[in-house]
Amino acid sequence: MSQHAEQAAAFVLHSRPYRETSLLVDLFTLEHGRISVVARGARRSGSARRFTLQPFQALHVSWAGRHELKNLSQAEVPQVMAPLVGKALLCGLYANELLQRLLQPADPHPRLYLYYTYLIQELQQSADLEGALRTFERQLLENLGYGIGFSHCHPGCYYQYDTQQGMIEVTADRGCYTGTDLLAIAEDRYETVDVRRAAKRLMREALAPLLGVKPLKSRELFIKTRRTA
C-alpha cells in the first residue's frame, strides 16, 4: 500500500550524517511542527541536497512514512537564503537548539513558526539581534504553555519570578525586576540597556526548568567564542 505524502513549508534546524550516504534532518514545519526525516543519498557527491539541507534554510518539503522518522521525498528551495555569520550565527544555533530540545514531535505551532521566520530574517539582516531573540524566546514560552504573565505588573513596583506563580510583587531588593522593565518586555520594547538585561535574565530563568540540567551546546559555543575573541 502506498503511503500518503505530507508536504509543508519548513526550516532546517539540524542535519547530521546517517548511515553511509544519507542525512538525518530535523525540520521545523508550519503545519506539522518539528519532524525528523531521512534524506536518502543526500551525502553522495553530486547530490543537490548536500547544499540545500543546511540550518536556517527555508524549504518546501514533502515526506512519507507511518513512523516518527519519515522519509524525505522532495526538498525545494523557494529562495536561497544568505548564510548567518558571527553573532547572528550563534543566535540562530541557540534558537534551533531550543526548538529541538523543547518541541514535541509532530506538535504544530504555526504562530511560533511565524516568529521563527521573523527571527531568521532579523538575523540575516544583522538588525536588532538581541531584541529579536528575546521576542522569540517569549513566544516560545507562550506557545509551550509557560507564558510569563505581565498583566498585573505596574510601573514603580518590583517583582521576582517564580516558576510556579510567575511574577510576584516584592519590596525593592537586589536582583528583582522593575515593573517598568517588565511592561516593556511584555510589549517587546527593548530600547534601553536595563530592559535588555532584564529580559535576558528573565528568559533564562523561565527556560531553565524546561531545559533541565543538560547544558546548551550553543551557549557553550558562545562562551568559548567570546573568550577567544
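Observations, loosely collected:
- Degrees between helix 129-143 axis and first principal axis of the chain (Cα, 0 to 90, nearest 10): 80 degrees
- Placing +1 on the Cβ of every Lys and Arg and -1 on the Cβ of every Asp and Glu, with nothing else charged, gives the chain a dipole about its Cα centre of roughly 1200 debye.
- Packing around the peptides 138-146, 36-44, 162-170, taken as the average count of other Cβ atoms within 10 Å per residue, puts them in this order, highest first: 36-44, 138-146, 162-170.
- Remark: relative contact order (region 6-76) = 33 percent; criterion is Cα-Cα distance under 8 angstrom and separation of 6 or more residues.
- Under 20 Å from LYS70, Cα to Cα: aspartates and glutamates that are on another chain or at least 8 residues apart: GLU6, GLU20, ASP26, GLU31, ASP107
- Helix axis angle, 193-211 relative to the chain longest principal axis, alpha carbon, degrees: 60 degrees
- Hits among lysines - C-alpha to C-alpha of LYS200 under 24 Å, sequence gap 8 or more where chains match: LYS87, LYS214, LYS217, LYS224
- Placing unit charges on each Cβ (+1 for Lys and Arg, -1 for Asp and Glu) gives region 6-76 a dipole about its Cα centre, and among ALA42, LEU59, THR29 the Cα reaching farthest toward its positive end belongs to ALA42.
- Ellipticity estimate at 222 nm from DSSP helix runs (n ≥ 4, -39,500 (n - 2.57)) divided over the chain, nearest 500: -12500 deg cm²/dmol
- Sequence-distant contacts, meaning Cα pairs under 8 Å at least 6 residues apart, place the relative contact order of region 89-228 at 24 percent.
- Degrees between helix 217-228 axis and first principal axis of the chain (Cα, 0 to 90, nearest 10): 70 degrees
- Scaled against 2.2 N^0.38 Å for its residue count N, the alpha carbon radius of gyration of the chain is 1.13.
- Of all DSSP beta bridges in the chain, antiparallel share, percent nearest 5: 90 percent
No value in this document is a laboratory result; all are computed from the given coordinates. In this text the structure is predicted, and so the values were computed from the model without any measurement. Note that each Cβ is placed from the backbone with ideal geometry, even for glycine, and that neighbours are counted across all protein chains shown.
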